[in-house]
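Asker: Dropping a structure here in structure tokens format, bear with me for questions.
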Amino acid sequence: MKKFMYSSMAVALLAAAAVAQESTEPEAIFEDDCVAFVNGLGNYGETCIKSGLLNMAENTCYTMNSDRSAENPMWINNDASQTWWWTPVECTKHEVPPQPIIEYTYEPKGCIAFENGTGDYDQHCYSEGLLNMAEGKCYVFNTDRLSDYPGATVPTWINNIATETWWWVETECDIAIPVSSSSVESSSSEVSSSSEESSSSAVDIDCSELDPNSQEYTDAGCGETSSSSSDVSSSSEESSSSEESSSSEESSSSEESSSSEESSSSEISSSSVEYQDACIAYVHGAGGYADNCYKSGLEGMKPGVCYKLNPERVEQYGNSLYINGSAFDTYWWEETECAQVEVIPPRPVDTYTLVDKGCIAYEHGAGKYTENCYNANLTNMVEGKCYELIPARMKDQKDAQYINPTVTDPYWWQETLCQDTVLIKPEAKPEPKANGKIFADNSKLNVVPAADVKTLRVFDMNGKLLHSETFTGMVKDVDYAKFAGKGVLLVRITSGNKLVAMKRVSVR
């Protein structure tokens, strides 16, 4: 009986040891050979489909029927049960080779608190001080603002809301540094070896106590003091000379580089007109689909082709948030030109100043909350901060008389700037003389210019180009009601480098 008990315990221990040994081996990782179906990509016979087709059998993948492969269509029937198009196949996988495990240590990037007005935002990352910062995240200046406009500078006063991605980019507050134990050991052994050598060479020898004719005197180097000193001096001079030469070469290289950069900068600043895409990336749920054309983001887009909402859908769905996002569905979308618009470089930052936005004290029951920002009387306000309704509430509470007055409730309120950045009015200059005329009413511009080829441009008062088109003839009517809410506009008509007509108009 005891023999049986002991042997059973031994077997159990051996089994546990075997399991422990197996658990230390990394588990194999597999990836699917098959992919999700996306109509419009083509080459369906070169892979297998694991999802995305209609009427797929359970645990079954599909590939294009080999009898159809020679046709290689871009757009294809997406019903898996249609055997004329699809053939069931095994859903296969391949093993992914294990990757080496790299240990990291994390060190702070040195992010600082944001302070508006410093003007060096591209030189730092920020860990606090911006509005609406995500917890545990830091932010850096979006350098696209400089690459979009060659020669542009970082503004002195800047939008301080972290969620405004046009200005700010989210980043990690720490930097990951790979830890290499071998390099640490190597460094440690080198330091140890170096200190041992230094220690052994630091033994003091008194040459006056030795016989000048003895071998011991020679081995100690006592007779070579002067020459050794001379060698050291010579070595020092050579090193100094080498450093001076290197320094002069670096200085020369730096001057050449500086000259090259200045030359490049002047070429950029004197470059011709800049353009940017008129079409944008489609974002499902963003709304405003009738107002834009789209260069990416829709499902099944053809390469190099842009899309706009089918005009027949505009009246019913122009203000919808969620619509069909498949570019190949012509009920919703039609192809359009991927146009570009002229970009006017931003004004220098010293042409702007901060002015009070005109926020008021909140009064419960007063209504018209969408028309104001508030600097007092709301519950849980932070001193010196201003607040406004979030955009969603501005739409659904436009006529409300009583709303939630607690600013810490994110369903209702968001922090906003108490000041606006506005353009400093320049000194009045006489407008160039022009021989054309521009007449305006509430919805039309009527232009009577010369009879050659002309370009009409509409700007807002910040210098942003809103509209540009080229035309010929003596008269041009322009529907400018779409600029409603833009304030005062500047309309300019040019022919080559010559100003034909110019007028300031206001759209109500």
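The values are calculated or read from the model by the stated rules, or taken from the named source; none is laboratory data. Here the structure is a predicted model, which means the values were calculated and not measured. Cβ placement follows ideal geometry from the backbone for every residue including glycine, while neighbour counts extend to all protein chains displayed. When the accessible area is computed, the model is the full protein with side chains, heavy atoms only, and any ligands, DNA or RNA have been set aside. Shrake-Rupley method; radii C 1.70, N 1.55, O 1.52, S 1.80 Å.
Asker: So which of Gly136, Gly129 is touching an Asp or Glu at 6+ places or on another chain (Cβ under 7 Å), open to solvent by 30 Å² or more (accessible area, probe 1.4 Å) and under 21 Å from Thr408 (Cβ atoms)?
Answerer: Exactly one of Gly136, Gly129 is touching an Asp or Glu at 6+ places or on another chain (Cβ under 7 Å), open to solvent by 30 Å² or more (accessible area, probe 1.4 Å) and under 21 Å from Thr408 (Cβ atoms), namely Gly129.
Asker: Also, quick follow-up: Does Trp168 count as open to solvent by less than 30 Å² (accessible area, probe 1.4 Å), touching a residue at least 24 places away in the same chain (Cβ under 8 Å), under 30 Å from Thr47 (Cα atoms) and not small (Gly, Ala, Ser)?
Answerer: No: the conditions fail for Trp168.
Asker: Which condition does Ala15 not pass, out of (1) out of contact with any Phe, Trp or Tyr (no Cβ under 8 Å at 6 or more places or on another chain); (2) modelled with pLDDT of 85 or more; (3) surrounded by 10 or more Cβ atoms within 10 Å (Cβ to Cβ), if it passes all the others?
Answerer: (2)
Asker: Looking at segment 278-383, what strands (runs of 3 or more DSSP E) fall wholly within it and have at least 2 residues that are open to solvent by 50 Å² or more (accessible area, probe 1.4 Å) and within 29 Å of Gly42 (Cα to Cα)?
Answerer: Qualifying strands (runs of 3 or more DSSP E): 333-336.
Asker: Show the residue pairs that are 6+ apart or on different chains and have beta-carbon atoms under 6 Å apart, the first residue being within segment 44-71 and over 13 Å from Thr87 (Cβ atoms), the second being small (Gly, Ala, Ser) and surrounded by fewer than 16 Cβ atoms within 10 Å (Cβ to Cβ).
Answerer: Final answer for the pair search is Ser51/Ala36; Gly52/Ala36; Asn55/Ser81.
Asker: Restricting segment 123-169 to residues that are part of a loop (DSSP other than H, G, I, E, B) and in contact with a Cys (Cβ under 9 Å, 6 or more places away or on another chain), which is farthest from Gln419 (Cα to Cα)?
Answerer: The residue in question is Gly136.
Asker: Looking only at residues that are in contact with a Lys or Arg (Cβ under 9 Å, 6 or more places away or on another chain) and open to solvent by less than 60 Å² (accessible area, probe 1.4 Å) in segment 405-433, which one is modelled with the lowest pLDDT? Can you show your working first?
Answerer: As a first pass, look at segment 405-433 and keep what is in contact with a Lys or Arg (Cβ under 9 Å, 6 or more places away or on another chain): 407, 411-413, 415-420, 423.
Pick out the ones that are also open to solvent by less than 60 Å² (accessible area, probe 1.4 Å) and you get 407, 412-413, 415-418, 423.
Working: Val407: 90, Trp412: 89, Trp413: 90, Glu415: 89, Thr416: 88, Leu417: 85, Cys418: 87, Leu423: 68.
The extreme case among them is Leu423.
Asker: Go through segment 464-495 residue by residue and tally those that are under 22 Å from Gln340 (Cα atoms) and either open to solvent by 70 Å² or more (accessible area, probe 1.4 Å) or touching a Ser or Thr at 6+ places or on another chain (Cβ under 9 Å) (or both).
Answerer: Matching residues across segment 464-495 total 16.
Asker: Scanning for something at positive phi and open to solvent by less than 90 Å² (accessible area, probe 1.4 Å), does segment 98-105 turn up at least one residue?
Answerer: There is no residue in segment 98-105 that is at positive phi and open to solvent by less than 90 Å² (accessible area, probe 1.4 Å).
Asker: Of the residues Ser186, Ser194, Ser147, Ser181, which single one is closer than 30 Å to Glu342 by Cβ and modelled with pLDDT under 85?
Answerer: Ser147
Asker: Looking at segment 367-376 only, could you name the residues that are more than 15 Å from Leu417 (Cβ to Cβ) and touching a residue at least 24 places away in the same chain (Cβ under 8 Å)?
Answerer: Selection gives Gly367, Tyr369, Thr370.
Asker: Within segment 124-149, how many residues turn out to be touching a Leu at 6+ places or on another chain (Cβ under 9 Å) and hydroxyl-bearing (Ser, Thr, Tyr)?
Answerer: 1
Asker: Sort out which residues of segment 458-498 are closer than 20 Å to Tyr275 by Cα, in a loop (DSSP other than H, G, I, E, B) and touching a residue at least 24 places away in the same chain (Cβ under 8 Å), and write them in order of number.
Answerer: Those that are closer than 20 Å to Tyr275 by Cα, in a loop (DSSP other than H, G, I, E, B) and touching a residue at least 24 places away in the same chain (Cβ under 8 Å): Met461, Asn462, Gly463, Lys464.
Asker: Here is a follow-up. Output the residues belonging to segment 388-416 that are aromatic (Phe, Trp, Tyr) and within 19 Å of Ala366 (Cβ to Cβ).
Answerer: Correct list: Tyr402, Trp412, Trp413.
Asker: With the condition being open to solvent by less than 40 Å² (accessible area, probe 1.4 Å), I'd like the strands (runs of 3 or more DSSP E) fully within segment 31-91 carrying at least 3 qualifying residues. Lay out the reasoning, then the answer.
Answerer: On the way: elements: 49-51, 61-64, 86-89.
Qualifying strands (runs of 3 or more DSSP E): 61-64.
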